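K.L.:
Could you have a look at this structure, given as structure tokens, before my questions?
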Amino acid sequence: MLAVLGIFFSGVNQRVEMSLPVVELRQERIAVSCVLQRPFSDDLLNIIDSGTPVELTFICRLRKADGTPASPPDTTVKHRVVKDLATGTYEITLGRRTLIASRFTEYSQIFRLETVPLWPVGAINPGMSCFVEVSAALEPIHIHATGQQYDLMALWNYRVPKNRSAAFTRAMLERRQVGP
């Protein structure tokens with residue numbers, strides 16, 4: 001069934017990790033940056049190069065120091081890449097931004113969050129200590145040749161990479177505010 005796409009599970013058991021999220025203040029919004037480390041396997045590259053859309057969902061959680069939610073609900077950011085087989089280019093969607101790329105190094109952007117503004121700074125009360133936890137998951141794909149779904153998380157051995165930022169307060173964010 002998966003041999004149709006040339007998928008032979010060489011990437012299974014791949015240990016994908018999330019970098020430590022960096023939290024900044026950008027235009028009065030709490031912004032997060034992080035990157036997945038070692039997200040690619042030969043199988044994932046083959047799937048992308050087959051023209052099958054691949055979607056990655058980042059889930060970002062703003063938490064108080066004790067782990068309880070500081071700002072419900074959790075925020076999701078979806079990234080997507082799909083190769084246009086006619087032109088050989090990749091359409092990359094990073095949240096609300098879409099771009100066209102021709103090289104692998106450009107579509108690897110789907111595996112990173114770059115200073116994505118998520119919550120208003122008012123979600124943190126003065127003096128409250130918080131952290132941000134980020135996790136990421138590949139969404140299942142539909143294999144048109146067989147009509148079946150395939151859970152791409154199998155390529156990461158069903159391990160959801162996640163990490164949490166260092167603790168911070170509103171005052172700490174206001175001191176390291178970045179421009180637009």
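K.L.:
Suppose the filter is in contact (Cβ under 8 Å) with a residue 60 or more places away in the chain and loosely packed, with under 14 Cβ neighbours inside 10 Å; does residue 87 pass it?
P.N.:
In short, no.
K.L.:
Having 3 or more residues that are within 17 Å of residue 107 (Cβ to Cβ) and in contact with a Phe, Trp or Tyr (Cβ under 6 Å, 6 or more places away or on another chain) is the bar; report the strands (runs of 3 or more DSSP E) wholly within the range 16-79 that clear it.
P.N.:
none
Yes/no matrix, rows are residues, columns are (1) in contact (Cβ under 8 Å) with a residue 60 or more places away in the chain; (2) charged (D, E, K, R); (3) within 30 Å of residue 65 (Cβ to Cβ):
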site	(1), (2), (3)
127	no, no, yes
130	yes, no, yes
145	yes, no, no
154	yes, no, no
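K.L.:
Quick check, is residue 159 among the basic types (Lys, Arg), surrounded by 12 or more Cβ atoms within 10 Å (Cβ to Cβ) and within 16 Å of residue 71 (Cβ to Cβ)?
P.N.:
Spelling it out, it is not the case that residue 159 is among the basic types (Lys, Arg), surrounded by 12 or more Cβ atoms within 10 Å (Cβ to Cβ) and within 16 Å of residue 71 (Cβ to Cβ).
K.L.:
Got at least one residue in the range 152-159 being at pLDDT below 95, of a type in the set (Ser, Thr, Tyr) and out of contact with any helix residue (DSSP H, G or I) (no Cβ under 8 Å at 6 or more places or on another chain)?
P.N.:
yes
The values are calculated or read from the model by the stated rules, or taken from the named source; none is laboratory data. The structure presented is a predicted model; accordingly, all values stated were derived computationally and were not measured. Cβ: placed from backbone, ideal geometry, glycine included. Neighbour counts: every protein chain shown.
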